[in-house]
Structure formats: structure tokens, C-alpha cells
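Remarks on the structure that follows.
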Amino acid sequence: MVGGSLVVLYGNCCYAMCMHNNRHSLHALIDSIAEMDEQELDRLQAAIDRRRGGSKQSTVLERREYRNGLLQLEGRAYRRKKDGELTERGPYWYFHYREGGRQRTLYIGKTDNPEAVVDEKLGKE
């Protein structure tokens, strides 16, 4: 370890590998996305999906502010044990809010009036 970098020797060559998170390279990557063509964006998305373990598990279909939080209509996906197929469920409403400094999620379910269900479950303000 030399000056915060790991030094690796291979034969007659010396390689230095940075061992800390480099925010500058992250910002450079994010900035370069604006200049990517469709094929490069597809490759990047595939790499992100692989890193996250495959396909999406939840998709936000609608989001709106309500009371002290957010109401979200989410489509959920589950991988079936018997054949590994991804099956979609929902959409279901969820209410995400903070209480006592902690993030909370309240399942609302399928409804045409999620605000009324939040008021019923949490009490009117």
C-alpha cells in the first residue's frame, strides 16, 4: 500500500490501483451518458441489470405527494420457484412516509381512492 493505493507487481511491471471511491469518475460516467448512442445505452442498461441481479422487481406507475409522504402505484414482479419465470402482480398502492426519523411504508392495496385508505389507516390529520 503506497499513498492510499494498492501497488501490484506483475513480472517487470508495476500497477497502482486506487482503493477508494472516486466520485470524480462517477460524475464523469454520469456526464458521458448524455453523449451515448442507443446501442451504448442498451449495453449500459444491461450491465446495470446484471449488477442488480436481473430484471426489475418493482415498477412505479404513478407517484403523487399526499400528507407527509408519497403515494405510489407500483407494479410488482416475482420470480416463481417452480420455473424461474418472472410474473407480474398489481398494481398496488403504497404510502411512503417518515415517522420518528424512520422511513415507513404502508400497504394500501388496490383501490380507486388511496387517499381515503391512508386517512382510514393512519387517522385524519
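The values are calculated or read from the model by the stated rules, or taken from the named source; none is laboratory data. Source: prediction; values computed, not measured. Note that we place each Cβ from the backbone using ideal geometry, even for glycine, and neighbour counts take in every protein chain shown.
Checked against (1) exposed (fewer than 10 other Cβ atoms within 10 Å of the Cβ); (2) of a type outside the set (Val, Ile, Thr); (3) in contact with a Gly (Cβ under 8 Å, 6 or more places away or on another chain), GLU35 passes all but a single condition, namely (3). Filtering the stretch 45-84 to residues that are over 15 Å from the mean Cα position of the chain (by Cα) and among the aliphatic types (A, V, I, L, M) leaves LEU70, LEU71, LEU73. For the stretch 69-101, filtered to residues that are of a type in the set (Gly, Ala, Ser) and surrounded by 11 or more Cβ atoms within 10 Å (Cβ to Cβ), the residue that is modelled with the lowest pLDDT is ALA77. Taking first residues from the stretch 84-110 that are within 19 Å of ARG63 (Cβ to Cβ) and partners that are loosely packed, with under 10 Cβ neighbours inside 10 Å, the Cβ contacts under 9 Å between residues at least 6 apart in sequence or on separate chains come to HIS96/GLN103; TYR97/GLN103. All of LEU70, LEU86, LEU44 fail the test of being of a type in the set (A, V, I, L, M, F, W, C), assigned by TED's automatic domain parsing to the domain that holds ALA116 and farther than 30 Å from LEU122 by Cα, apart from LEU86. Applying the condition of being in a loop (DSSP other than H, G, I, E, B) and at pLDDT 80 or above to the stretch 33-68 and asking which residue is farthest from TYR97 (Cα to Cα) yields ASP37.
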